[in-house]
Amino acid sequence: MDQGLAAVLGAGVGVIGTLGTAFLTYVATRQQGRVEHGQWLREQRQRAYEDFLIAYDRFTGAAIALEDALKRGQTEVPQDLSASFKDSLETFISARSRVAVTGPAFASQSAGKVAALLREVSTSLEAWLDDLLSGADVSERNAQLQELQQRVQYAYRDFVRDVRGILESPPATGGTSWQRTRSEDGYRNDHDSR
């Protein structure tokens, strides 16, 4: 073999080695970006879920205080009680929006059920106050509200179960994601290729 051919072959092997190394570096960098994005998204979701739960507690506290005033037949709800109730509802709606944005879809749906029921609670409390002010019969209002509160508790329990499943499952890596789905007996993992 002459020296020229050996030099060309040596350069070819060097180029192939360099390209192989560059490709492997690209793949590793891309994988690291996916992992970092997955960790960032997980942190965003955790914050959104925490804010949602805090807003839920704040709303239910304000709703209970308003309900107690209505049970006593107070037709003039104190201004600070009314303001606290309205603020807590706005905060809750904002927290619900963050859950919708961060997802995943089934957690957003669970949060949406809680939000819809809390809107019903708000409407029920406002109707109770209106009935008190107009002198209408309010004897059934408490029972209706209790039934609604029971539904809220079930929806809240489902939301907590859903987000716990999200946060306890390992984060997605590589080119696949693990999607949680509800089944008759709880949760199962379904592998979903991207």
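The values are calculated or read from the model by the stated rules, or taken from the named source; none is laboratory data. Small disclaimer: the values here were computed from a predicted structure and weren't measured. Ideal geometry is used to build each Cβ from the backbone, glycine not excepted, and the neighbour counts take in all protein chains shown. Surface accessibility is based on the protein's heavy atoms, side chains included, excluding ligands, DNA and RNA. Shrake-Rupley method; radii C 1.70, N 1.55, O 1.52, S 1.80 Å.
Looking at the range 139-166 only, could you name the residues that are open to solvent by 50 Å² or more (accessible area, probe 1.4 Å) and small (Gly, Ala, Ser)?
Correct list: Ser139, Ala143.
Filter the range 108-138 for residues that are among the hydroxyl-bearing types (Ser, Thr, Tyr) and touching a residue at least 12 places away in the same chain (Cβ under 8 Å); which is farthest from Ile54 (Cα to Cα)?
Checking each candidate, the answer is Ser124.
A quick yes/no check of all residues on (1) modelled with pLDDT of 85 or more; (2) part of a helix (DSSP H, G or I):
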position	(1), (2)
Met1	no, no
Thr18	no, yes
Arg30	no, yes
Gly38	no, yes
Glu43	yes, yes
Glu50	yes, yes
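Name the residues in the range 96-120 that are open to solvent by 10 Å² or more (accessible area, probe 1.4 Å) and hydrophobic (A, V, I, L, M, F, W, C), would you?
Residues satisfying the conditions are Ala100, Val101, Ala105, Phe106, Ala116, Leu117.
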